[in-house]
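Beneath this line is the structure, given in structure tokens, with notes to follow.
The values are calculated or read from the model by the stated rules, or taken from the named source; none is laboratory data. All figures in this text were calculated on a predicted structure; none of them were measured in a lab. Reconstructed Cβ throughout: ideal geometry from the backbone, glycine too, with neighbour counts over all protein chains shown. Accessible surface areas use protein heavy atoms only, side chains included; no ligands, DNA or RNA. Shrake-Rupley method; radii C 1.70, N 1.55, O 1.52, S 1.80 Å.
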Amino acid sequence: MSTIIDSGRVAEHNAQLRAGLNADYEALGGMLARRGVDIEKLTAAAQSFAVALPSWGVGTGGTRFARFPGRGEPRNVFEKLDDCAVIHQLTCATPGVSLHFPWDKTTDPAALRQQAESHGLYFDAVNSNTFQDQAGQEHTYKYGSLTANNAATRAQAVAHNIECIELGRALGSKALTVWVGDGANFPGQHNLRGALERYLGSMREIYAALPADWLMFIEHKLFEPAFYATTIADWGTSFACAQTLGEKARCLVDLGHHAPNTNIEMIVARLAQFGKLGGFHFNDSKYGDDDLDSGSINPFQLFLVFNELADAAEREGAAFKPAYMLDQSHNVTDPIESLMNSAVEVQRAFVQAQLVDRAALRGHQEANDALQSAQALKHAYRTDVSAILAMARLRSGGAIDPVACYRDSGYRAQTAEARPAKAGASGSGIV
Ligand code: RM4
Ligand code: MN
Ligand code: MN
């Protein structure tokens, strides 16, 4: 496997931090042993954890108002893949990459696949994009895509999704994520039921084109770009559509796509219970689809989501395998650093959820002991598992402190030189 950051440099970095890590790991191991927990099991679990990277997340994002480009931004999908490889090399937690078409469209999927494999990466779900018009496109999506009134517009959107499946197939992906921004800005603009009927008609055609071993993820989102009524606004609609379409259709939960204070972990529990939890787009938010770094605003919520996932895994066994992906936009940080940190935060929530004493929790619940039930979760959440995560990275060949190691490597300065900014790259745009 070829590495982008010099592995000697990573080893030097680790050598400086190793004694401290060993001491912290031993202390934590002793503390966990007194709770009847084997630290080695948790470290092995952390090593097996993976969350996929969004190809669109390695470039600097923006808002509706402006975009402030970073240095050395990737200019094409091959450069995006290099940045993803750096993130995976140092964190050892991000072997998957989720592509977005047509942004990442390539005429040479075989070369892209080969580059990914040479870095130990694979392609997770591919994403279609019918929320903006592409140059030379015949029909506009201004008034909708899969739900459009115009049959030719719907056919074009369906054809794009089928093309995504074909591209994904050549790359080794196994799922298509469909998020549509379709909706209305005014009461009366849409027949609410009619729009969903057209959506289902389009989705049936896409579903029919799925290879046998593929899944289709339906991603709901409360609002934006539609501000009055979004066709797939909530998990209920997503669930009903997934049920209607068939076994291969599942729901995807993007944490930022809910109203503030929504009980997202309960949505996760419901979807898991009814076999429709397809996967996640992890990020964090304060107000809406903010696409902030995972765990940066509400880490307890992230933990509670993983608590439900741990419960589901215990009930369902190995068959329960939702797809984990990040979906973030980085406006004021180096995207590589944000994605490394975020992957570690998601992994942290996963490990902390393993620490919940489920038998004890069940006992407290059966005894109607609300206080102790809550404490059982808090006890796990308050445990600092940083040494486990660092040891997992070290053992997998990554960096004890990925951000420090990355800064020390000079990678960003190299890319700044090798990838001069594109003219006009500072326009506005969410991603
Ligand atoms: C949307 C949604 C989709 C992502 C686009 C770029 O809000 O989260 O997952 O593909 O943004
Ligand atoms: Mn998303
Ligand atoms: Mn989003």
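Annotations for the structure displayed:
- Debye, to nearest 20: dipole size of the range 305-431, +1 on Lys, Arg Cβ, -1 on Asp, Glu Cβ: 300
- Take every Cα pair under 8 Å whose residues are at least 6 apart in sequence, average their separation, divide by the length of the chain, and the relative contact order is 23 percent.
- Loop-resident sites, the range 265-315, for chymotrypsin sites (Phe, Trp or Tyr not before Pro), counting at most 15 other Cβ within 10 Å (DSSP): Phe274, Tyr287
- With the charge dipole of the chain set up from +1 on Lys and Arg Cβ and -1 on Asp and Glu Cβ about the Cα centre, the Cα lying farthest toward the positive end among the listed residues Thr415, Ile206, Gly363 is that of Ile206.
- Formal net charge of residues neighbouring Ala349 (Cβ-Cβ distance under 12 Å; K, R +1; D, E -1): -3
- With a Cα cut-off of under 21 Å and a minimum spacing of 8 residues unless on different chains, the lysine pairs in the chain number 17.
- Between Gln243, Cys84, Asn331, the Cα set farthest toward the positive side of the dipole of the chain (charges on each charged residue's Cβ, about the Cα centre) is that of Gln243.
- Per-atom-type breakdown for the range 1-84 gives carbon and sulfur 54% of the accessible area (1.4 Å probe, protein chains only).
- Surface composition of the range 91-161: carbon plus sulfur atoms hold 50% of the accessible area, using a 1.4 angstrom probe and ignoring ligands, DNA and RNA.
- If you wrap the Cα atoms of the chain in a convex hull and average its projected area over all directions, you get 21.3 nm².
- Exposure ranking of Phe65, Phe320 by accessible area [1.4 Å probe, largest first]: Phe65, Phe320
- In a reduced charge model with +1 at each Lys and Arg Cβ and -1 at each Asp and Glu Cβ, the chain shows a dipole moment near 280 debye about its Cα centre.
- Extension gain for Asn149 to Ala413 (0.36 nm times residue separation, less C-alpha to C-alpha distance): 90.1 nm.
- Solvent-accessible area assigned to carbon and sulfur over the range 277-413 amounts to 49 percent, based on a 1.4 Å probe.
- Residue (of Tyr122, Gly317, Gln273) at the positive-pole extreme of the chain, dipole from beta-carbon charges: Gln273
- Per residue accessible area of the chain, 1.4 Å probe, in Å²: 44
- By a 1.4 Å probe calculation restricted to protein chains, Glu345 has an accessible surface near 50 Å², given to the nearest 10.
- Over the residues of the chain, the helix contribution to mean residue ellipticity at 222 nm works out to -15500 deg cm²/dmol, using -39500 (n - 2.57) for each DSSP H run of at least 4.
- The range 5-110: radius of gyration and largest Cα-Cα distance (Dmax), Å: 19.1, 57
- Overall, the range 32-89 carries a charge dipole of about 280 debye about its Cα centre when +1 sits on the Cβ of Lys and Arg and -1 on the Cβ of Asp and Glu, all other atoms neutral.
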